[in-house]
Amino acid sequence: MSGLESLYQELILDHSKRPHGKGLGEDAGRVASSHQRNPICGDEITLRVRVTDDGSQVSELTWDGAGCSISQASASMLASLVDEEGGMPRAEASILIDGFREALRSRGELALDEEVFGDAAALSGVSKFTARVKCAMLAWVAFEDALARA
């Protein structure tokens, strides 16, 4: 295992052990949620987004769930990414989701840009393992669904 792969593995384990944004926030204001489940492995995520009154900005992302370290780390990384920005324009969130999906479906051909995806770039290697892609995508699918409901 290369030094970079080892670092990425540590980052995934760290996020799964000490998750960011875990624990559903208050159900007040303009909030939408989505529950997603991977029936193959049993991973589950409930993700809640709070958007601004005009709906143009994601102001908060919280989640709760159970599953493998990849699904839990991915949710944590997504929450951290939204939180780092202090929120995120809705249009930017959609672009981010599409880029993540494209990279994860590339079977290792596309790497996630660390400048754009932060810690979630560590999940680039998951794209080489088809069975694990759904684990990494679970929170991102929930985010996309919650945004559609908001």
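Which aspartates and glutamates does LYS128 reach when only Cα atoms under 17 Å apart count, and residues fewer than 8 places away in its own chain are ignored?
GLU5, GLU102, GLU109, ASP113
For GLN57, enumerate residues with amide H under 5 Å from its amide H, sequence gap 5+ or separate chain, H modeled in the peptide plane.
THR52, ARG90
Picking from ILE40, LEU11, TRP140, whose Cα lies most toward the positive end of the charge dipole for the chain (charges on Cβ: Lys, Arg +1; Asp, Glu -1)?
The Cα lying farthest towards the positive end belongs to ILE40.
Would you work out the charge dipole size for the chain about its Cα centre, treating the Cβ of every Lys and Arg as +1 and the Cβ of every Asp and Glu as -1, and quote it to the nearest 20 debye?
In total the dipole reaches around 620 debye.
Using helices alone, what [θ] at 222 nm do you get for the chain, with -39,500 (n - 2.57) per DSSP H run of 4 or more residues, divided over all residues and rounded to the nearest 500?
Using -39500 (n - 2.57) per qualifying helix, the result is -15000 deg cm²/dmol.
For the stretch 90-141, state the average projected area of the convex hull of the C-alpha atoms over all orientations, rounded to one decimal in nm².
With the hull built on Cα positions only, its mean projection is 3.2 nm².
Relative to the longest principal axis of the chain, what angle (0 to 90°, nearest 10) does the C-alpha long axis of helix 90-104 take?
Orientation of helix 90-104: about 20 degrees from the principal axis.
Could you go through the stretch 39-50 in sequence order and give the Karplus-derived ³J(HN,Hα) for each residue, using 6.51 cos²θ - 1.76 cosθ + 1.60 with θ = phi - 60°, rounded to whole Hz, and x for Gly and Pro?
Per residue, the Karplus-derived 3J(HN,Hα) values read x, 5, 10, x, 4, 9, 9, 10, 10, 10, 10, 10 Hz.
For ALA131 and VAL116, compute 0.36 nm times the residue count separating them, minus their Cα-Cα distance, and round to one decimal in nm.
Taking ALA131 through VAL116 to full extension adds about 2.9 nm, to one decimal.
Given a Förster distance of 35 angstrom, what is the FRET efficiency for GLU102 paired with ARG18, based on the Cβ-Cβ distance and rounded to 0.05?
0.75
Helix 69-84: angle to the longest alpha-carbon principal axis of the chain, degrees 0 to 90, nearest 10?
50
According to a simple spin-label model (label point 7 Å from Cα along Cα-to-Cβ), what is the distance in nm between HIS35 and ILE95?
Distance between label points: 3.4 nm.
Taken together, the values in this text are just the output of simple stated rules run on the coordinates, not laboratory data. Model, not experiment: these values are computed from the prediction. Please note: Cβ atoms are built from the backbone with ideal geometry, for glycine as well, and neighbour counts cover all protein chains shown.
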